[in-house]
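Once you've had a glance at the structure underneath, I'll fire off some questions.
The values are calculated or read from the model by the stated rules, or taken from the named source; none is laboratory data. Computed from a predicted structure; not experimentally measured. Backbone-built Cβ (ideal geometry, glycine too); neighbour counts: all protein chains shown. Protein only, heavy atoms only, side chains kept; ligands, DNA and RNA dropped before computing areas. Shrake-Rupley method; radii C 1.70, N 1.55, O 1.52, S 1.80 Å.
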Amino acid sequence: MNYDPGSENAAILRKYNLDSLEPHHWKDTSRPKPASSNSAYGARRASRYEVLQQEEDPATEIDELSQDDSDPLGMVDSVSNVLRRKGIQIDTDPKVRAQYMITSKTFQPRTFLRDIHANASYSELRTGQDWLQHSIEQRRDDVKELVGQNFDRFVTAKSTIDDVYQDMKSATLNRENDYGIGALKSATLDANAKAQQIFTPIMENREKANTLRSTLGVLDRYKSYFNLPSTLLDCQRRKDHEGLIREYRKGENLFKEYKASDPNQQGTALMVSQRRIFEKVWNEAQRIVDNWKKDLWDGLSGEGKTDEQQMKAIGYLLEIGIDDNPIWQYLQVRHNRLRNMITATFEQDRIQFETLRRKLAAKPAPSVKQLVSYLRVPFHPKQEFAFQCDSEEIIEMWEALGDFVDDMMSELGAHLLIEFWRTVQSFVDGKAQKSMPTGPNGISKKHLSLDQMQVAQLRGMVEGLVLLICRLMGEFISSPPVALMADDMEPSTPVGGVPPVPALPAVNGGKVLAFVPAHANAVSTSRYLSSTLREIAQAVGEIHSLGLSSTVTDALRTVLGTAMQHFNDAVCKAWQQDTKHLVRLENWTRATENHDNTGFPRAIQSYTRAIIANAEKILNVANTTSGSAVQKVPQVMPTAKMIGAVRSTFLSGLYTVQQDICSLALSLNAVPTPTTKKRISAVTAEEIREVDASDTDTRILLTVSNLAEMQESVIPKLINQFELAFSLGMTEDLRTLINVLEQADDRLFKRYISGKARVVSEIIRGGVLNSGIPWATLPRPVEVHSYVYDALVTLVLVHSQVWTLTPSLLGRIITALTNSLAQDLLDAIRGIDRFGVGGMLQATLEVEFFHQTLSQFVDSTAGEKLSMVYRAIEDGYTSSDVSAEDLQAELGHVKHLLQHARKATATQFACFRKSKGDRAKSKGDAERRDERPREASRHRQQGNLNNLGPVEAA
């Protein structure tokens, strides 16, 4: 193996404990350190084998690390050279070098093989393993031989050490003999005791005399100073703060004067004694003043103190001088007091609100009769607040909610918090402390200005209070009650034949909110929540006007948005519950403005209009806020989900209303008992007729008239109001609603017409087909058969009923019945096999009598059917030997009979005629109802008669 000069240099440095090969000085560190002077006994108690027990320092091990080692596998001559060629820094970092040296305790075999033998083959590594095994066995033999050769030496050295240690303990230098200085110590103590006994009384008497003379002189000179504590206590008792400060200043000057009076005797015992007396008096005065300061300091946080009193207390503290800043303390205390007020008020109001909520939950829900009376409140818009819109317990809860918001947002937020902020601003701007004292030698001047850190802290305090209010308000508005109450209200029953009602929207996921009273209707809910939200918005606007951080703005916007969302959800849920009972607003009492209708359409319109108006106030709260706060409210726009909930609830309510009112018209339980009658004003102002509201026909007629009113007026107005309120286009919704109303109207109308038409049909079929009239051999006509009068009398009865209840429907109903009658005539005539001359003339007479009597109600459809009747008579007529002259004479006879019959029944069927006033009224009704125009068809009928001979109309 080659010679390595680096290894020899390392050995030299390690041998002599040197840092370099050219040292400037050398210190022998091989000698043991002397024992501590104050631990002689401990040194003696040290182990005799201390040298053998010393542990090796890891740093020393690194310093003694060789610069190079041979390869333990015997494959390379120098490990260091291999590492240097690979660029590994082993010369500058001993810890890195130690990982590769086999003689180091931190040798890393994996690292060694990875970097030294990275390219070695498997066979080479096996050979290196054999080399390493052989080296280990050879080293083991060397160690055994070394131990065998030196064993006797170790035994001899231990015996020698034990003998020396035993000899030292048996000599005089031990603890029992006081280590040889016992006699000297005893003599010194005796001499000191005798000196003390002789000279101590003399020195004490002299000291007392000097002290007495000095004390008497000081007492005479500083008499007022020694009265300072009692003077200060008297001022404190009389609350003479100015006098206390003045006396304290005088005492302070006297104390300073004394301390500076004789600087040459400051160190003498006499002056020390006098100074002790002065300091004792001064300490007592300081104690009194400190207590007085503490009282004033505590007064800054005391309750019942006005701002003026607290400002004076701050001035006294600044004038006398104080280490802590009273201004800062005052602002901190005021902040803490306001924070505690916010928390305490929140807890108190929440407990009160929860108490009311539980009290309400224990009571039964309002009866249907009570609920209906509450839902009628919007029907009196000019006196809306003169009527109670909900139960007293529910109103009490709504008012408690208003008080809660007033306490949290208006009083604490918009009043006390803003007042605190203005106080903070006055101190930050330096306006509040302009007239405050700076203290002795300007010691309090540092307290009169706030640094940037304090200003930032104060701003943070105010923002923290705002965030606290917002957090508590949001928590209250969003939290559910302690116990949920079940909803016992049943959904309305669907009506067959009417399009299904859209499902009511799931408001807020079905969550019940604590601030909503149980069983509250939408009238009270929307009214009070819109008012409450307006108050919240005004308070938010006032706080937002302070111009605090964006975090505060976001919190204010969040609490306003949360309130808007949950208030809107509460209104929608109450609206949905009300919808199930809106049909109860139908009391079958005529409306005062339009006698054709009951008050139901107007009640529905008033109710829905009020809810929409209040819902608009909730979702457009910034536009409804009054006062200067309008410009300050942060913009919180309603989400599409909020507007969608209101829209869905609105439309679902309208669908449900028309569905339920149709069910009510056809229900057997529409009135309390079948015999109960409602007094309904007739159309004429001269008389009042009693109409049985338990009669199905009566309810159908009034309902059809109500549906027409809703179709023409109520629904369009409500849709228009909703569109303007929420900036929506609802043309398609209006078209769908009108279509649904038309279907409901058509269903009820057909139900009414079918019953009346069935009676007329039976009369006509019985008279034409089943009365035994021999149409083929019937002689010349002498009169109109009775079935004609019976059918027309039936129509007269219908006319009377409709005219009494709903005159506006008269033309539509009689026209429909006329169409049905014409069809019945057609079917009956077609059922006759053959007409003789007499039968043809009799049939023509009776059909013409029907036609002329009901001519005002014959539209194009009825006219076409009557034309078909004439053709059917013509088709069934069998020509005979009657000459044209005779036939013409018979037709004249028919004309005479027709005129006679018309005159005889003129009074009986006068209701089918129209006077000039009736024509004007009917024309207006027709325009209002948009009835289909009637087309006269007399020309076709006249043509059919001309085939038989001219018959002039009577």
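Within the range 89-105, which residues are within 18 Å of Ser70 (Cβ to Cβ) and open to solvent by less than 80 Å² (accessible area, probe 1.4 Å)?
Correct list: Ile90, Arg97, Ala98, Gln99, Tyr100, Met101, Ile102, Ser104.
Report yes if some residue within the range 152-165 is at pLDDT below 70 and either surrounded by 12 or more Cβ atoms within 10 Å (Cβ to Cβ) or not aliphatic (A, V, I, L, M) (or both); otherwise report no. Can you show your working first?
Initial filter on the range 152-165 (at pLDDT below 70): 164-165.
Pick out the ones that are also either surrounded by 12 or more Cβ atoms within 10 Å (Cβ to Cβ) or not aliphatic (A, V, I, L, M) (or both) and you get 165.
Within the range 152-165, one or more residues are at pLDDT below 70 and either surrounded by 12 or more Cβ atoms within 10 Å (Cβ to Cβ) or not aliphatic (A, V, I, L, M) (or both).
To keep it simple, each residue is scored yes or no on (1) in contact (Cβ under 8 Å) with a residue 12 or more places away in the chain; (2) open to solvent by less than 10 Å² (accessible area, probe 1.4 Å).
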position	(1), (2)
Ser549	yes, no
Asp554	no, no
Ala563	yes, yes
Phe567	yes, yes
Cys572	yes, yes
Thr579	yes, yes
Val583	yes, no
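At least 3 residues that are polar (S, T, N, Q) and surrounded by 17 or more Cβ atoms within 10 Å (Cβ to Cβ) in each: list the helices (runs of 4 or more DSSP H) lying fully within the range 714-818 that qualify. Walk me through it before giving the result.
On the way: elements: 715-726, 731-768, 786-805.
Fully inside the range 714-818 and qualifying: 786-805.
Among the residues of the range 717-729, write down those that are over 27 Å from the mean Cα position of the chain (by Cα) and either touching a residue at least 24 places away in the same chain (Cβ under 8 Å) or in the same structural domain as Leu654 (by the TED database) (or both).
Lys717, Leu718, Gln721
Quick one: what pairs do we get from the range 125-145, first residue among the aliphatic types (A, V, I, L, M), second surrounded by 11 or more Cβ atoms within 10 Å (Cβ to Cβ), C-beta under 7 Å, 6+ apart or different chains?
Taking only residues 6 or more apart or on different chains, the pairs are Leu125/His117; Leu132/Pro72; Leu132/Leu73.
Using the structure shown, decide if Val837 is surrounded by 20 or more Cβ atoms within 10 Å (Cβ to Cβ), modelled with pLDDT under 90 and among the aliphatic types (A, V, I, L, M). Reasoning before the result, please.
Working: surrounded by 20 or more Cβ atoms within 10 Å (Cβ to Cβ): yes; modelled with pLDDT under 90: yes; among the aliphatic types (A, V, I, L, M): yes.
Here the answer is yes, as Val837 does meet what is asked.
While we're looking at this one, here's another question. Going by what's in this entry, would Ser230 be described as in a helix (DSSP H, G or I), in the same structural domain as Arg276 (by the TED database), at pLDDT 75 or above and not hydrophobic (A, V, I, L, M, F, W, C)?
Considered against the rule, which asks whether it is in a helix (DSSP H, G or I), in the same structural domain as Arg276 (by the TED database), at pLDDT 75 or above and not hydrophobic (A, V, I, L, M, F, W, C), Ser230 comes out as yes.
Give all pairs with beta carbons closer than 9 Å in which a residue from the range 528-541 that is in the same structural domain as Glu616 (by the TED database) meets a residue that is of a type in the set (A, V, I, L, M) and not in a helix (DSSP H, G or I); count only pairs at least 6 apart in sequence or on separate chains.
Hits for this filter: Tyr528/Ala520; Leu529/Val516; Ala537/Val633; Ala537/Val636; Gln538/Val633; Val540/Val633; Val540/Val636; Gly541/Val633.
Okay, residues lined up against (1) over 25 Å from Phe600 (Cβ atoms); (2) modelled with pLDDT of 85 or more; (3) open to solvent by less than 60 Å² (accessible area, probe 1.4 Å):
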residue: Arg339; (1), (2), (3): yes, yes, no
residue: Asp349; (1), (2), (3): yes, yes, yes
residue: Lys363; (1), (2), (3): yes, no, no
residue: Ser367; (1), (2), (3): no, no, yes
residue: Gln383; (1), (2), (3): no, no, no
residue: Leu401; (1), (2), (3): yes, yes, yes
